[in-house]
Amino acid sequence: MSPQKLCFVTSNAEKFREIHRALEDCAIDVVRVSLDVPEIQALDPAEVAAYKARAAYAELRSGWVLVEDTGLGVDAWNGYPGALIKWLTRAVGEEGLCRQLDAWEDRRATATVALCLFDGRELRTFIGQTHGTITAAPRGAFGFGWDSIFQPNGHTCTYGEMPREEKMGISMRALALAKLRDYLLSLPR
(Lines give C-alpha, C1' and ligand atoms only; values in the text may rest on other atoms or scores of the structure.)
Protein backbone atom coordinates (compact mmCIF):
# COMPACT_ATOMS: atom_id res chain seq x y z
CA MET A 1 0.00 0.00 0.00
CA SER A 2 1.32 3.45 -0.83
CA PRO A 3 2.26 5.80 1.99
CA GLN A 4 0.20 8.89 2.71
CA LYS A 5 3.24 11.05 3.39
CA LEU A 6 6.76 11.14 2.06
CA CYS A 7 9.34 13.25 3.91
CA PHE A 8 12.03 14.51 1.55
CA VAL A 9 15.01 15.25 3.76
CA THR A 10 16.85 18.26 2.38
CA SER A 11 17.77 21.80 3.29
CA ASN A 12 17.88 22.71 -0.43
CA ALA A 13 14.64 24.46 -1.45
CA GLU A 14 15.46 24.11 -5.17
CA LYS A 15 15.85 20.33 -4.92
CA PHE A 16 12.58 20.12 -2.99
CA ARG A 17 10.80 22.16 -5.68
CA GLU A 18 12.04 19.75 -8.38
CA ILE A 19 11.08 16.64 -6.39
CA HIS A 20 7.69 18.02 -5.37
CA ARG A 21 6.82 18.99 -8.95
CA ALA A 22 7.87 15.59 -10.33
CA LEU A 23 5.71 13.68 -7.82
CA GLU A 24 2.59 15.88 -7.94
CA ASP A 25 0.37 13.21 -9.52
CA CYS A 26 1.46 10.36 -7.22
CA ALA A 27 -1.34 10.89 -4.66
CA ILE A 28 1.17 11.35 -1.88
CA ASP A 29 1.88 14.29 0.39
CA VAL A 30 5.52 15.26 -0.21
CA VAL A 31 6.90 17.44 2.57
CA ARG A 32 10.33 18.91 3.09
CA VAL A 33 12.12 18.12 6.32
CA SER A 34 15.42 19.77 7.13
CA LEU A 35 17.45 17.38 9.29
CA ASP A 36 21.13 17.39 10.01
CA VAL A 37 21.86 13.72 9.31
CA PRO A 38 25.36 12.25 9.34
CA GLU A 39 26.96 11.74 5.96
CA ILE A 40 29.54 9.05 5.39
CA GLN A 41 32.43 9.82 3.08
CA ALA A 42 32.30 7.60 -0.01
CA LEU A 43 32.56 8.02 -3.77
CA ASP A 44 29.26 6.21 -4.48
CA PRO A 45 26.21 8.50 -4.08
CA ALA A 46 23.95 5.45 -3.52
CA GLU A 47 26.02 4.35 -0.54
CA VAL A 48 25.90 7.84 0.97
CA ALA A 49 22.15 8.25 0.33
CA ALA A 50 21.33 4.83 1.84
CA TYR A 51 23.18 5.71 5.02
CA LYS A 52 21.47 9.10 5.25
CA ALA A 53 18.02 7.56 4.60
CA ARG A 54 18.41 5.13 7.47
CA ALA A 55 19.69 7.91 9.77
CA ALA A 56 16.80 10.20 8.81
CA TYR A 57 14.24 7.47 9.42
CA ALA A 58 15.77 6.76 12.83
CA GLU A 59 15.02 10.38 13.74
CA LEU A 60 11.58 10.69 12.13
CA ARG A 61 10.34 7.15 12.90
CA SER A 62 7.23 7.24 10.70
CA GLY A 63 6.10 7.27 7.10
CA TRP A 64 8.62 7.11 4.33
CA VAL A 65 11.76 9.16 4.03
CA LEU A 66 13.40 10.12 0.78
CA VAL A 67 17.02 11.18 0.69
CA GLU A 68 19.10 12.23 -2.27
CA ASP A 69 22.81 12.27 -2.85
CA THR A 70 24.57 13.50 -5.92
CA GLY A 71 27.96 12.72 -7.38
CA LEU A 72 30.17 13.85 -10.21
CA GLY A 73 32.69 11.20 -11.23
CA VAL A 74 35.52 12.29 -13.50
CA ASP A 75 36.65 9.53 -15.87
CA ALA A 76 40.34 10.57 -15.82
CA TRP A 77 40.25 10.38 -12.01
CA ASN A 78 38.63 6.91 -11.85
CA GLY A 79 35.31 8.30 -10.63
CA TYR A 80 36.68 10.79 -8.11
CA PRO A 81 35.30 13.00 -6.60
CA GLY A 82 31.95 11.18 -6.95
CA ALA A 83 29.78 11.92 -3.91
CA LEU A 84 32.65 13.98 -2.47
CA ILE A 85 32.01 16.68 -5.10
CA LYS A 86 30.32 18.94 -2.56
CA TRP A 87 33.44 18.96 -0.39
CA LEU A 88 35.82 19.44 -3.31
CA THR A 89 33.91 22.40 -4.74
CA ARG A 90 33.64 23.95 -1.27
CA ALA A 91 37.44 23.78 -1.04
CA VAL A 92 38.45 24.90 -4.54
CA GLY A 93 35.23 26.11 -6.19
CA GLU A 94 33.92 25.20 -9.62
CA GLU A 95 36.66 27.19 -11.34
CA GLY A 96 39.32 25.42 -9.27
CA LEU A 97 37.95 22.02 -10.28
CA CYS A 98 38.06 23.05 -13.94
CA ARG A 99 41.70 24.18 -13.57
CA GLN A 100 42.66 20.92 -11.83
CA LEU A 101 41.44 19.02 -14.90
CA ASP A 102 43.65 21.10 -17.22
CA ALA A 103 46.42 18.52 -16.71
CA TRP A 104 44.26 15.84 -18.42
CA GLU A 105 42.99 15.69 -21.98
CA ASP A 106 40.02 13.59 -20.92
CA ARG A 107 37.37 15.82 -19.32
CA ARG A 108 34.54 13.25 -19.48
CA ALA A 109 32.41 12.86 -16.37
CA THR A 110 29.28 11.12 -15.14
CA ALA A 111 26.71 12.97 -13.05
CA THR A 112 24.76 10.67 -10.75
CA VAL A 113 21.75 11.11 -8.50
CA ALA A 114 20.75 8.42 -6.03
CA LEU A 115 17.31 8.71 -4.46
CA CYS A 116 16.82 6.37 -1.49
CA LEU A 117 13.32 5.70 -0.22
CA PHE A 118 13.11 4.02 3.20
CA ASP A 119 10.09 2.97 5.25
CA GLY A 120 11.94 1.53 8.23
CA ARG A 121 12.08 -1.94 6.69
CA GLU A 122 12.89 -1.79 3.02
CA LEU A 123 15.30 0.52 1.22
CA ARG A 124 14.67 1.24 -2.45
CA THR A 125 17.25 3.08 -4.54
CA PHE A 126 16.55 4.92 -7.80
CA ILE A 127 19.61 5.94 -9.84
CA GLY A 128 19.83 8.51 -12.63
CA GLN A 129 23.01 9.18 -14.59
CA THR A 130 23.99 11.65 -17.26
CA HIS A 131 27.27 11.53 -19.17
CA GLY A 132 29.04 14.69 -20.24
CA THR A 133 32.17 16.75 -19.81
CA ILE A 134 33.63 19.23 -17.36
CA THR A 135 34.00 22.59 -19.08
CA ALA A 136 37.22 24.62 -19.14
CA ALA A 137 35.54 27.29 -16.97
CA PRO A 138 32.19 27.78 -15.24
CA ARG A 139 29.34 28.92 -17.50
CA GLY A 140 25.84 29.97 -16.56
CA ALA A 141 24.00 31.22 -13.50
CA PHE A 142 21.06 28.80 -13.33
CA GLY A 143 20.81 25.79 -11.09
CA PHE A 144 22.95 25.02 -8.06
CA GLY A 145 26.03 23.12 -7.01
CA TRP A 146 28.31 22.32 -9.92
CA ASP A 147 25.71 22.92 -12.67
CA SER A 148 27.91 25.63 -14.22
CA ILE A 149 30.74 23.21 -15.09
CA PHE A 150 28.88 20.11 -16.32
CA GLN A 151 27.92 19.98 -20.01
CA PRO A 152 25.79 16.92 -20.81
CA ASN A 153 26.59 14.95 -23.97
CA GLY A 154 24.68 16.15 -27.02
CA HIS A 155 24.24 19.69 -25.65
CA THR A 156 26.18 22.91 -26.13
CA CYS A 157 25.14 24.37 -22.75
CA THR A 158 26.05 23.48 -19.20
CA TYR A 159 23.25 22.73 -16.75
CA GLY A 160 23.97 26.20 -15.38
CA GLU A 161 23.10 27.76 -18.74
CA MET A 162 19.82 25.86 -19.09
CA PRO A 163 16.50 27.12 -17.77
CA ARG A 164 15.04 24.76 -15.11
CA GLU A 165 12.48 23.20 -17.46
CA GLU A 166 15.12 22.28 -20.03
CA LYS A 167 17.50 20.88 -17.41
CA MET A 168 14.74 18.86 -15.75
CA GLY A 169 13.97 17.24 -19.08
CA ILE A 170 17.45 15.68 -19.32
CA SER A 171 19.13 15.74 -15.92
CA MET A 172 20.27 12.81 -13.83
CA ARG A 173 17.75 13.90 -11.17
CA ALA A 174 14.96 13.77 -13.76
CA LEU A 175 15.97 10.21 -14.69
CA ALA A 176 16.04 9.06 -11.05
CA LEU A 177 12.76 10.86 -10.34
CA ALA A 178 11.06 9.15 -13.29
CA LYS A 179 11.99 5.76 -11.79
CA LEU A 180 10.75 6.81 -8.33
CA ARG A 181 7.54 8.22 -9.82
CA ASP A 182 6.88 4.97 -11.75
CA TYR A 183 7.41 2.99 -8.56
CA LEU A 184 5.04 5.18 -6.51
CA LEU A 185 2.36 5.04 -9.21
CA SER A 186 2.63 1.22 -9.32
CA LEU A 187 1.75 0.86 -5.62
CA PRO A 188 -1.79 -0.21 -4.67
CA ARG A 189 -3.87 2.69 -3.43
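Out of the residues in segment 36-58 that are modelled with pLDDT of 95 or more and charged (D, E, K, R), state the one that is farthest from V113 (Cα to Cα). My answer is R54. Summed over segment 88-140, the residues that are free of Cβ contacts under 8 Å to residues at least 12 places away in the same chain, surrounded by fewer than 18 Cβ atoms within 10 Å (Cβ to Cβ) and not acidic (D, E) give a count of 9. Return a yes/no flag: does segment 46-63 have any residue that is in contact with a helix residue (DSSP H, G or I) (Cβ under 6 Å, 6 or more places away or on another chain), surrounded by 15 or more Cβ atoms within 10 Å (Cβ to Cβ) and closer than 22 Å to T10 by Cα. No.
Each row is one residue, and each column tells you yes or no for (1) touching a strand residue (DSSP E or B) at 6+ places or on another chain (Cβ under 7 Å); (2) within 30 Å of G63 (Cβ to Cβ); (3) among the basic types (K, R); (4) not in a strand (DSSP E or B).
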{"site": "G120", "(1), (2), (3), (4)": "no, yes, no, yes"}
{"site": "T125", "(1), (2), (3), (4)": "yes, yes, no, no"}
{"site": "H131", "(1), (2), (3), (4)": "yes, no, no, no"}
{"site": "R139", "(1), (2), (3), (4)": "no, no, yes, yes"}
{"site": "F142", "(1), (2), (3), (4)": "no, no, no, yes"}
{"site": "K167", "(1), (2), (3), (4)": "no, yes, yes, yes"}
{"site": "L175", "(1), (2), (3), (4)": "yes, yes, no, yes"}
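For the residues V67, V74, the requirement of being within 20 Å of H155 (Cα to Cα), hydrophobic (A, V, I, L, M, F, W, C) and buried (at least 20 other Cβ atoms within 10 Å of the Cβ) singles out V74. All conditions but one from (1) over 29 Å from Q4 (Cα atoms); (2) at pLDDT below 95 apply to G63; the one that does not is (1). Is it true that T158 is touching a helix residue (DSSP H, G or I) at 6+ places or on another chain (Cβ under 7 Å), at pLDDT 95 or above and within 29 Å of A53 (Cβ to Cβ)? It is false that T158 is touching a helix residue (DSSP H, G or I) at 6+ places or on another chain (Cβ under 7 Å), at pLDDT 95 or above and within 29 Å of A53 (Cβ to Cβ). Of the residues in segment 146-162, at least one is aliphatic (A, V, I, L, M), part of a loop (DSSP other than H, G, I, E, B) and buried (at least 18 other Cβ atoms within 10 Å of the Cβ).
The values are calculated or read from the model by the stated rules, or taken from the named source; none is laboratory data. Only a predicted model underlies this, so the values are computations on that prediction, with no experimental measurement involved. In this analysis, Cβ positions are derived from the backbone assuming ideal geometry, glycine residues included, and neighbour counts consider all displayed protein chains.
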